[in-house]
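Taking it in order: structure first as structure tokens, then the write-up.
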Amino acid sequence: MKKKIFLIPIILVIVIILSIIVFYNVGLKAVSSDNNKVEFIVEEGSTYYSVINKLKNQNLIKNELCFKIYIKLNNKNNIQAGTYKLSKDMNVKEIVEILDKGNNYNPDVVDITFKEGKNMRWIASTIASSTNNKEEDVFNLLNDKEYLNELINNYWFIDESILNTNIYYSLEGYLFPNTYQYMNKDVSVKEIFKSMLDEMNEELSIYKEDILNSNYTVHEILTLASIVELEGTANSDRAGIAGVFFNRLNDGWSLGSDVTTYYAAKVDMSERDLYKYEIDDNNYYNTRSNFLAGKFPVGPICNPSIDSIKAVLYPTSSNYYYFVADKTGKTYFTSTYSAHIAKRDELIEAGLWYTYE
């Protein structure tokens, strides 16, 4: 009995210590996943302790006490005066590192995020809304043959395929999706494209040997990757989806991808349903038509992520020819059309099928 009584305070101390550690670590985490930048000003003569209230008021840190403890434990004394761009998805360590090093903040700097899976029409709209360029400036450059030939000479992964007159937008699929920073809104479309093409060069160069030794051109790889990007809701499913498409191509089937049919009709999937004549159209992008049986579309239909490109480079080998995703994003693979239809009916019955208002 005495032994139990003796253990109680020890257990309480351990619990208290563990609680403090958990409280401290949680307090150092980011406030949220919001990555929108907010302006944070550090005046001359400020200290870390004097900016704590401001950080909390701008909702950039979770807990003032945890911030103070972190500063003390890590012996942080010299905060740099200046104007910073901070976001709620930064943790205390990241914020302190930025304030510790200082920066040369330029209020005219423009950050543009180009999302994965978006097509050139969306890119043109994003450039127009973020800079002093117009959408027509984007499309004019995409039709500039002299400019395109320069790119063919300057980048190993670009060839004459982009000059095909059946392609809607010459650089579709070649502009790597990421967040880019420019000095001001006067940045030219050519500068924006250069930064995106340079990033694509960096990303693809890691896999250059495998790309050049594959049975497909870079254009074909990017084309299929763009389809996989829009068909695969989860990265873990994309290699399997790529495997299905290769099985279809190798056996002379059409890819049968709805996303290519929408692109062919220049209609975004969220915009409206397609008309029958659009579905049946013998278009160089429309893989629902037998016009492209055993063939790739003429070009990419969006700018794919590196995960989709890797899925095409390293597809899952299988005997599957069909796939379908439920409304939670889970993908199901089947080998025969009858099994495919049975799976679809099963999902409908289970309430897991997509429904549209």
For this session: Would you confirm whether any residue within region 132-146 is within 22 Å of the chain's Cα centre (by Cα), at pLDDT 95 or above, closer than 19 Å to residue 301 by Cα and open to solvent by less than 50 Å² (accessible area, probe 1.4 Å)?
Result: yes
Exercise. Do we find that residue 172 is open to solvent by less than 60 Å² (accessible area, probe 1.4 Å), within 29 Å of residue 232 (Cβ to Cβ) and acidic (Asp, Glu) in this structure?
Worked result: yes
For this session: Could you grab the pairs with beta carbons closer than 8 Å, sequence gap of 6+ or different chains, first residue in region 212-239 and over 20 Å from residue 297 (Cβ atoms) and among the β-branched types (Val, Ile, Thr), second one at pLDDT 95 or above and buried (at least 16 other Cβ atoms within 10 Å of the Cβ)?
Result: none
Seminar exercise, completed: Within region 152-165, restricting to residues that are among the hydrophobic types (A, V, I, L, M, F, W, C) and touching a Leu at 6+ places or on another chain (Cβ under 7 Å), the one that is farthest from residue 219 (Cα to Cα) is 163
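The values are calculated or read from the model by the stated rules, or taken from the named source; none is laboratory data. Worth saying up front: this structure is predicted, and the values here are computed from it rather than measured. Cβ: placed from backbone, ideal geometry, glycine included. Neighbour counts: every protein chain shown. Surface areas here come from the heavy atoms of the whole protein model, side chains and all, with no ligands, DNA or RNA. Shrake-Rupley method; radii C 1.70, N 1.55, O 1.52, S 1.80 Å.
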